[in-house]
Amino acid sequence: MRVTAYAAPAAGQPLALTTIERRDVGPNDVLIEIQYAGICHSDIHTVNGDWGPQPFPVVPGHEIVGVVAEVGSAATKHRVGDRVGVGCMVNSCGECANCRNGDEQYCLQGMVGTYAGTDRDGSTTQGGYSTHVVVDADYVLSVPAGLDPAAAAPLLCAGITTYSPLRHWGAGPGKQVAVVGLGGLGHMGVKLAHAMGAEVTVLSQSLKKQEDGLRLGATHYSATSDPDTFTQLAGRFDLIVNTVSAPIDVDAYLSLLAVGGTLVNVGAPAEPLSLNVMSLIGGRRSYAGSMIGGIAQTQEMLDFCAEHGIGAEVEVISADRINDAYARVLASDVRYRFVIDTATLG
Ligand code: NAP
Ligand code: ZN
């Protein structure tokens, strides 16, 4: 079927309205009528070529919420009319040790990204800035009824990308957690870490968003542009989740970790980062990375959000404002996730 979509025609070019082909619904597939698609900074990195060449035209979008319009003959998990979500991956081998462990995002054959990926049939995947998508039912999540669909869309990437490391490194009561960067991922990190019972600090470039940070669940808020922040908070944190889309001074942030603490990068800037190993050695510290989360953990996160009444803070936009939204995200002027109302793609 041919569907309407917004695509980047080439690296760094503005997105424009187009039509794309979606495959027929196979036995294990689900056809989703998309309602909302979040704008992730990864969409912008991809379109701008930060992460290398891409199979243009690219339809970005991996924070998808919609309603099931058709199910394949062998797909039993979802029914027509169900509210569902799709995140950053739409397939994986399903057989390697990592897939069997529920870590499909680390599939040894390579997970299939929701856009600009090569699907297992050889076709190039196209994402959620579109009216419909066909996805293997195993990669389709159930969106709990209690969640507002627009506010739920960003959970599919920003939510799981912060939830997974918070769980992995044991964020909870008695733990000091810092979140660096209060954007799409960062604001979810604050909400989730707070709901898990940790004491949360926001480390933002300025104090401009302090009121918001405290409202979202942080107890403390400091500006990283103030050098005193790094002396006052030295040795404080058990876990720091860095969501910044640009390079940071890794050593400066490592100095904020308690003995045995971990700085985990989820922010994925184009440039390599470097550090002085003494920053690790001098406190048995770890520097780590983490990529989204597995399918089962994504469902767990959605259920956790429903239970705790957590959604993203969103600014819903029409499709013709996508390019403006990109510029605002790049200027750190997002509060805190743009979400496209795909009904405006007509
Ligand atoms: P975003 O909404 O743009 O948020 C990033 C925040 O980082 C900004 O709001 C800003 O916060 C801070 N920041 C931006 N530029 C900065 C600079 N030059 N110096 C210091 N701070 C800066 O982006 P996002 O959608 O949350 O994504 C963040 C990063 O995570 C991107 O690199 C994205 O590709 C990556 N990502 C990774 C995964 C994964 O699986 N690991 C998944 C999704 C996204 P303040 O204004 O508060 O300082
Ligand atoms: Zn994303």
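Hey, can you tell me all the residues within segment 318-342 that are without any contact (Cβ under 8 Å) to a residue 12 or more places away in the chain, of a type in the set (A, V, I, L, M) and closer than 20 Å to Gly213 by Cα?
Ala331, the sole residue that qualifies.
Among the residues of segment 266-279, is there at least one that is buried (at least 20 other Cβ atoms within 10 Å of the Cβ) and either within 24 Å of Tyr163 (Cα to Cα) or within 16 Å of ligand 1 (Cβ to nearest atom) (or both)? Let's see the steps before the verdict.
Start the filter on segment 266-279 by keeping residues that are buried (at least 20 other Cβ atoms within 10 Å of the Cβ), which leaves 266-267.
Filter again for either within 24 Å of Tyr163 (Cα to Cα) or within 16 Å of ligand 1 (Cβ to nearest atom) (or both), leaving 266-267.
For segment 266-279, residues buried (at least 20 other Cβ atoms within 10 Å of the Cβ) and either within 24 Å of Tyr163 (Cα to Cα) or within 16 Å of ligand 1 (Cβ to nearest atom) (or both): present.
Scan the strands (runs of 3 or more DSSP E) fully inside segment 141-238 and keep the ones with 3 or more residues being surrounded by fewer than 24 Cβ atoms within 10 Å (Cβ to Cβ) and modelled with pLDDT of 95 or more. Break it down into steps so the answer makes sense when it comes.
Numbers: elements: 176-180, 199-204, 220-223.
Passing ranges, in order: 220-223.
Please specify each residue of segment 35-55 satisfying the condition of being among the hydroxyl-bearing types (Ser, Thr, Tyr) and either part of a strand (DSSP E or B) or more than 13 Å from ligand 2 (Cβ to nearest atom) (or both).
Of the residues in segment 35-55, the ones among the hydroxyl-bearing types (Ser, Thr, Tyr) are 36, 42, 46.
Within segment 35-55, Tyr36 is the sole residue that qualifies.
Being in contact (Cβ under 8 Å) with a residue 40 or more places away in the chain, within 22 Å of the chain's Cα centre (by Cα) and closer than 25 Å to Gln297 by Cα is the requirement here; does Ile44 meet it? Spell out how you get there, then give the answer.
Numbers: in contact (Cβ under 8 Å) with a residue 40 or more places away in the chain: yes; within 22 Å of the chain's Cα centre (by Cα): yes; closer than 25 Å to Gln297 by Cα: no.
The answer is no for Ile44.
Asp212 versus (1) within 25 Å of Cys157 (Cα to Cα); (2) acidic (Asp, Glu); (3) more than 10 Å from ligand 1 (Cβ to nearest atom): which is the lone unmet condition?
Evaluating Asp212 over (1) within 25 Å of Cys157 (Cα to Cα); (2) acidic (Asp, Glu); (3) more than 10 Å from ligand 1 (Cβ to nearest atom) leaves (3) as the failure.
So in segment 62-80, with the set limited to residues that are part of a loop (DSSP other than H, G, I, E, B) and more than 16 Å from Gln35 (Cβ to Cβ), which one is farthest from ligand 2 (Cβ to nearest atom)? So that I can check it myself, show each step before the final result.
From segment 62-80, those part of a loop (DSSP other than H, G, I, E, B) are 62-63, 72-80; that's our starting set.
Applying the additional criterion that residues be more than 16 Å from Gln35 (Cβ to Cβ) yields 72-77, 79.
On the way: Gly72: 27, Ser73: 32, Ala74: 30, Ala75: 25, Thr76: 29, Lys77: 23, Arg79: 27 Å.
Going through the qualifying residues, I end up with Ser73.
Considering only residues that are away from ligand 2 (no atom under 16 Å from the Cβ) and either in contact (Cβ under 8 Å) with a residue 12 or more places away in the chain or in contact with a Phe, Trp or Tyr (Cβ under 7 Å, 6 or more places away or on another chain) (or both), which ones fall in segment 282-299? Please lay out each step first, then the result.
Looking only at segment 282-299, we keep the residues that are away from ligand 2 (no atom under 16 Å from the Cβ), and these are 282-288, 296, 299.
Matches in segment 282-299: Gly283, Arg284, Arg285, Ser286, Tyr287, Ala288, Ala296, Gln299.
Mind checking which residues of segment 41-52 are crowded, with 23+ Cβ neighbours inside 10 Å and either within 28 Å of Arg79 (Cβ to Cβ) or away from ligand 1 (no atom under 11 Å from the Cβ) (or both)?
Val47
Here is a yes/no grid of residues against (1) in contact with a helix residue (DSSP H, G or I) (Cβ under 6 Å, 6 or more places away or on another chain); (2) part of a strand (DSSP E or B); (3) at positive phi:
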{"site": "Gly311", "(1), (2), (3)": "yes, no, no"}
{"site": "Asp324", "(1), (2), (3)": "no, no, no"}
{"site": "Asp333", "(1), (2), (3)": "no, no, no"}
{"site": "Val339", "(1), (2), (3)": "yes, yes, no"}
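Among what's in segment 183-231 and is out of contact with any Pro (no Cβ under 8 Å at 6 or more places or on another chain) and within 16 Å of ligand 2 (Cβ to nearest atom), pick the residue that is nearest to Ala331 (Cα to Cα).
Of everything passing the filter in segment 183-231, Gly183 is nearest to Ala331 (Cα to Cα).
Give the residue, chosen from Asn91, Asn98, Asn48, that is in contact with a Lys or Arg (Cβ under 9 Å, 6 or more places away or on another chain) and modelled with pLDDT of 95 or more.
Working: Asn98 fails: in contact with a Lys or Arg (Cβ under 9 Å, 6 or more places away or on another chain); Asn48 fails: in contact with a Lys or Arg (Cβ under 9 Å, 6 or more places away or on another chain).
So the residue among Asn91, Asn98, Asn48 that is in contact with a Lys or Arg (Cβ under 9 Å, 6 or more places away or on another chain) and modelled with pLDDT of 95 or more is Asn91.
Condition first: in contact (Cβ under 8 Å) with a residue 12 or more places away in the chain, under 15 Å from Phe304 (Cα atoms) and not acidic (Asp, Glu). Can you find one or more residues in segment 168-176 that meet it?
Yes, segment 168-176 contains at least one residue that is in contact (Cβ under 8 Å) with a residue 12 or more places away in the chain, under 15 Å from Phe304 (Cα atoms) and not acidic (Asp, Glu).
Which residue, of Gly127, Gly117, is touching a Phe, Trp or Tyr at 6+ places or on another chain (Cβ under 7 Å) and within 16 Å of ligand 1 (Cβ to nearest atom)?
Details: Gly117 fails: touching a Phe, Trp or Tyr at 6+ places or on another chain (Cβ under 7 Å).
Of the residues listed, the single one that is touching a Phe, Trp or Tyr at 6+ places or on another chain (Cβ under 7 Å) and within 16 Å of ligand 1 (Cβ to nearest atom) is Gly127.
Look at segment 234-281 and say how many of its residues are in contact with a strand residue (DSSP E or B) (Cβ under 7 Å, 6 or more places away or on another chain) and either within 26 Å of Thr46 (Cα to Cα) or without any contact (Cβ under 8 Å) to a residue 40 or more places away in the chain (or both). Working first, answer last.
Here is the first cut: in segment 234-281, the residues in contact with a strand residue (DSSP E or B) (Cβ under 7 Å, 6 or more places away or on another chain) are 235-244, 248, 250, 253-254, 256-258, 261-267, 275, 280.
Add one more test, that the residue is either within 26 Å of Thr46 (Cα to Cα) or without any contact (Cβ under 8 Å) to a residue 40 or more places away in the chain (or both), and what stays is 240-244, 248, 250, 254, 257, 261, 263-267, 275, 280.
Of the residues in segment 234-281, 17 are in contact with a strand residue (DSSP E or B) (Cβ under 7 Å, 6 or more places away or on another chain) and either within 26 Å of Thr46 (Cα to Cα) or without any contact (Cβ under 8 Å) to a residue 40 or more places away in the chain (or both).
Would you check if there is a residue in segment 14-33 being among the polar types (S, T, N, Q) and either closer than 27 Å to Gly267 by Cα or crowded, with 19+ Cβ neighbours inside 10 Å (or both)?
If we filter segment 14-33 for residues that are among the polar types (S, T, N, Q), which is where we start, we get 18-19, 28.
Those left that are additionally either closer than 27 Å to Gly267 by Cα or crowded, with 19+ Cβ neighbours inside 10 Å (or both): none.
Looking through segment 14-33, none of the residues is among the polar types (S, T, N, Q) and either closer than 27 Å to Gly267 by Cα or crowded, with 19+ Cβ neighbours inside 10 Å (or both).
The values are calculated or read from the model by the stated rules, or taken from the named source; none is laboratory data. Bear in mind the structure is a predicted one, so any value in this text is a computation, not a measurement. Virtual Cβ from ideal backbone geometry, glycine too; neighbours counted across all protein chains shown.
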